[in-house]
Amino acid sequence: MTDTTQPAAQSEPIYRGMDRATLDAAYNNSAAVADSGEWLADWCVRSGVSRALPDAQLDVPYGGRERARFDYFPCGVPGAPLFVFIHGGYWQRNAKEIFSFISEGPRARGIDVAVVGYTLAPAVCLSEIVDEIREAIDFLGAHAGIFGFDPHRIYVGGWSAGGHLAAVASGWPNVRGALVISGIFDLEPIALSYINDSLRLGRNEIVDYSPINLLHPGAAPQCLAVGGNELSELKRQTFDYEKASAQLGLAVKLRILSGHHHFSILDELAKADGELTAELLHLVS
């Protein structure tokens, strides 16, 4: 018997009235910001300055894989809180070395910073990435005495896919709060988009690692930040997560940073007087 089944038309809606091409564009931050490559190049230069500081501790291994390492930037104050930052790149691009520059703002305000690396897809699946982040935070907590920070004041943060991982980690018992920047809170549209070509999300991962499914009473405080000029889907995801959090009475604050896009928003964490540095101070106070 001849199989007459035809593939779905490319224009067929697959998510919230969007076809595949429209959905792909709705999550393509690099294409949405024309000079995104220049932003990344600038971050590399600025991070080189941070990495050259004499007290920076680079490439500290926390696990067995090559990228399971973190860079530690102390503020110089004994017993300071620790901010664990997780980089973005849709779980399949970038590296911790690009993001050392974000440590400048927190360090200037008395907060130690650890910028965590992790193994990228498709070499590993999302569940393994989450496990690595948990391993990094556990390692840091167990070695707080060596690094000199307060093990009872560990806060997480992240940008883009790193924001997703920070939101997941916010529910862990050794995490006191989270600063989630331009994050992903529902993996369903990700699984339907070009991003999943390498990420290869399974159904269980979509359900189990969508932060909007993980909200629970008593969760740690979170600050959600998104740029006013970001893609509408990233803003919608942030708004939906904040609304779901409010319905549970959780301590979740929403900040929309006017005039900022997906890349420029990180400047507000890299500056001592930045808006996101101020939000981090509120979390740790």
Taking first residues from region 158-174 that are over 18 Å from F101 (Cβ atoms) and second residues anywhere that are among the small types (G, A, S) and in a helix (DSSP H, G or I), the pairs with Cβ under 7 Å that are 6 or more apart or on different chains are N174/G141
Scanning region 254-273 for residues that are in contact with a helix residue (DSSP H, G or I) (Cβ under 9 Å, 6 or more places away or on another chain) and over 17 Å from W159 (Cβ atoms) gives A272, D273
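What number of residues within region 70-85 satisfy the criterion of being surrounded by fewer than 20 Cβ atoms within 10 Å (Cβ to Cβ) and within 21 Å of the chain's Cα centre (by Cα)? If you could, list the steps in order and put the result at the bottom.
So in region 70-85, the residues surrounded by fewer than 20 Cβ atoms within 10 Å (Cβ to Cβ) come out as 76-79.
Of the ones still in play, those that are also within 21 Å of the chain's Cα centre (by Cα) are none.
Matching residues across region 70-85 total 0.
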Of A272, A178, A244, A225, the only residue that is more than 16 Å from the chain's Cα centre (by Cα) and either in a helix (DSSP H, G or I) or surrounded by 19 or more Cβ atoms within 10 Å (Cβ to Cβ) (or both) is A244
Taking region 14-64 and keeping only residues that are in a helix (DSSP H, G or I) and among the small types (G, A, S), one is left with A21, A25, A26, S30, A31, A32, S36, G37, A41, S47, G48, S50
Item checked: Residue in region 199-219 that is under 18 Å from the mean Cα position of the chain (by Cα), within 15 Å of Y15 (Cβ to Cβ) and without any contact (Cβ under 8 Å) to a residue 24 or more places away in the chain present -> yes
Exactly one of G48, G63, G89 is more than 28 Å from E230 (Cα to Cα), of a type outside the set (K, R) and either in contact (Cβ under 8 Å) with a residue 40 or more places away in the chain or surrounded by fewer than 18 Cβ atoms within 10 Å (Cβ to Cβ) (or both), and that residue is G63
Here the qualifying pairs (Cβ atoms under 8 Å; residues six or more apart or on different chains; first in region 224-241 and aromatic (F, W, Y); second in a strand (DSSP E or B)) come out as F239/L254; Y241/L224; Y241/V252
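Here, each number is a calculation from the coordinates, and none is a lab measurement. Since we're looking at a predicted model, the values are computed, not measured. All Cβ positions, glycine included, derive from the backbone under ideal geometry; neighbour counts span all protein chains shown.
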